[in-house]
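What follows draws every value from the coordinates through simple rules; no lab data is involved. Because the structure is predicted, anything quoted here is derived from the model rather than measured. A quick note on method: Cβ atoms are made from the backbone with ideal geometry, for glycine too, and the neighbour counts reach across all protein chains shown.
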Amino acid sequence: MSAQPKIYVAGHRGMVGAAIVRALRSKGQTNVISRSHAELDLTDQAAVRAFFALEKPDQVYLAAARVGGIHANNTYPAEFIYQNLMIEANVIDAAFRNDVKKLLFLGSSCIYPKLAQQPMREDALLTGGLEPTNEPYAIAKIAGIKLCESYNRQYGQSHGVDYRSVMPTNLYGPGDNYHPTNSHVIPALIRRFHEARLGRAAEVVVWGSGTPRREFLYVDDMAAACVHVAGLDKAIYDDHVEPMLSHVNVGFGSDVTIADLAKIVARTVGFTGRIVFDSTKPDGAPRKLMDTSRLKVLGWRPEVELERGLAMAYEDFLSNVPRS
Ligand SMILES: NC(=O)c1ccc[n+]([C@@H]2O[C@H](COP(=O)([O-])OP(=O)(O)OC[C@H]3O[C@@H](n4cnc5c(N)ncnc54)[C@H](OP(=O)(O)O)[C@@H]3O)[C@@H](O)[C@H]2O)c1
């Protein structure tokens with residue numbers, strides 16, 4: 001019998017799940033199990049229950065989710081809310097039924113109200129209306145936090161259940177989605193500047209005024225934070241959270257303007273032309289920054305600066321597209 005805990009990472013083929021597997025392995029964890037979406041559809045309750053009953057994991061990292069940009073969220077709201085609610089409910093309940101004591105649920109900064117005070121603290125949750133474009137997704141993620149808290153409250157004492165939640169800011173890095181129309185800002189800019197360099201374009205047009213500020217965290221930092229939070233002593237964790245306000249923000253701790261981000265991406269990619277901002281396109285919120293004081297007090301800080309992270313992200317991008 002292995003002395004190591006058996007750890008199930010749900011969503012191990014995704015950007016974050018893959019990074020969590022890397023982080024666990026780098027900590028010497030060898031007993032990590034996973035299933036692809038094709039092997040195990042987490043919206044299928046019977047299949048999830050059968051999987052947990054068979055494998056009996058000791059710990060769970062729940063990084064599987066139906067994820068997408070504004071367009072996908074707006075086009076498929078029913079799929080986003082239904083699939084995410086089902087994934088969370090099935091995995092968290094099956095974990096409980098199979099005596100899993102430790103589970104880490106991954107949410108997102110979109111759980112906070114559209115007009116939340118910046119930087120966004122954990123206690124901004126449920127204090128105002130959400131951004132309408134991803135409200136169904138955000139509601140499902142809030143339900144995931146509340147599932148963890150409710151299982152802790154009902155079964156913490158009796159069964160030793162200790163289910164935690166982390167809410168990451170915008171992430172980037174290896175395994176990102178570089179789809180031309182359906183990707184987040186960093187992969188979209190990497191692709192656009194890369195193609196502009198190859199095509200010897202004189203300029204690249206970036207949507208919006210360039211003035212909004214955004215926060216970005218390298219995905220391996222995020223994974224390290226997940227392993228850190230999951231591994232914290234229960235007494236320490238409990239000291240810094242509340243039973244009904246238990247999630248922990250994970251961010252870089254500072255933000256950059258989109259204009260500065262575009263300049264760094266251009267430099268990273270080797271694009272030397274002009275960067276033009278199209279102010280007729282929407283900017284979105286002027287600022288979105290997480291307050292990461294809770295995580296700092298819990299003993300974790302990010303390591304990867306934006307420039308270095310972007311260089312590593314670009315290397316990953318190049319390894320997936322032909323070099324020129
Ligand atoms: N990326 C970010 O910037 C960011 C920021 C904040 C929070 N997060 C959170 O981090 C988590 C992971 O995000 P990610 O960026 O790693 O997403 P991702 O790259 O799209 O990965 C999600 C994974 O979940 C799997 N999955 C989806 N539906 C499934 C189902 N029904 N059954 C089994 N597996 C299923 C996907 O498999 P298939 O691809 O085969 O469907 C994929 O491997 C999410 O909770 C997300 O909200 C991400």
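Quick look at the numbers
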quantity	calculated
The chain: angle of helix 77-97 to the longest principal axis, Cα-based, in degrees nearest 10	30
10 Å binning of all Cα-Cα separations within the stretch 104-256, expressed as whole percents from 0 upward	10, 33, 33, 16, 7, 2, 0
The stretch 61-128: C-alpha gyration tensor shape, a/c 1.5 cut-off, then a/b vs b/c	oblate
Nearest 10 degrees, 0 to 90: helix 135-159 Cα axis against the chain principal axis	30
Convex hull volume per residue for the stretch 182-287, taking Cα atoms only, in Å³	132
Candidate lysines - alpha carbon under 18 Å from K6, same-chain residues fewer than 8 apart omitted	K27, K56, K101, K102
Among K101, K263, K281, residue whose mean-square fluctuation peaks in a GNM of the chain (springs only between Cα atoms under 10 Å)	K281
Relative contact order (%) - the chain, alpha-carbon pairs under 8 angstrom, separation at least six	19
The stretch 160-229-the stretch 285-315 distance, computed between alpha-carbon centres (Å)	11
Long-range tail of P(r) for the stretch 17-136 (Cα pairs > 23 Å, %)	42
Along the chain, longest interval not containing exposed GluC sites (Glu not before Pro), exposed being DSSP loop plus at most 13 other Cβ atoms within 10 Å	40-302
Of the trypsin sites (Lys or Arg not before Pro) in the stretch 173-246, those whose Cβ has at most 10 other Cβ within 10 Å and which sit in DSSP loop	R200
Choice from V229, V67, V204 with maximal GNM fluctuation in the chain (Cα, 10 Å cutoff)	V67
√(5λ) per eigenvalue of the Cα gyration tensor, the stretch 238-288, largest first, Å	36, 16, 6
Shape box of the stretch 54-194 [Cα atoms, principal axes, largest first, Å]	54, 37, 28
For the chain, built as a Gaussian network whose Cα springs stay under 10 Å, the top-fluctuating residue of M222, M244, M167	M244
Kirkwood Rh in Å, taken over all unlike Cα pairs in the chain	20.5
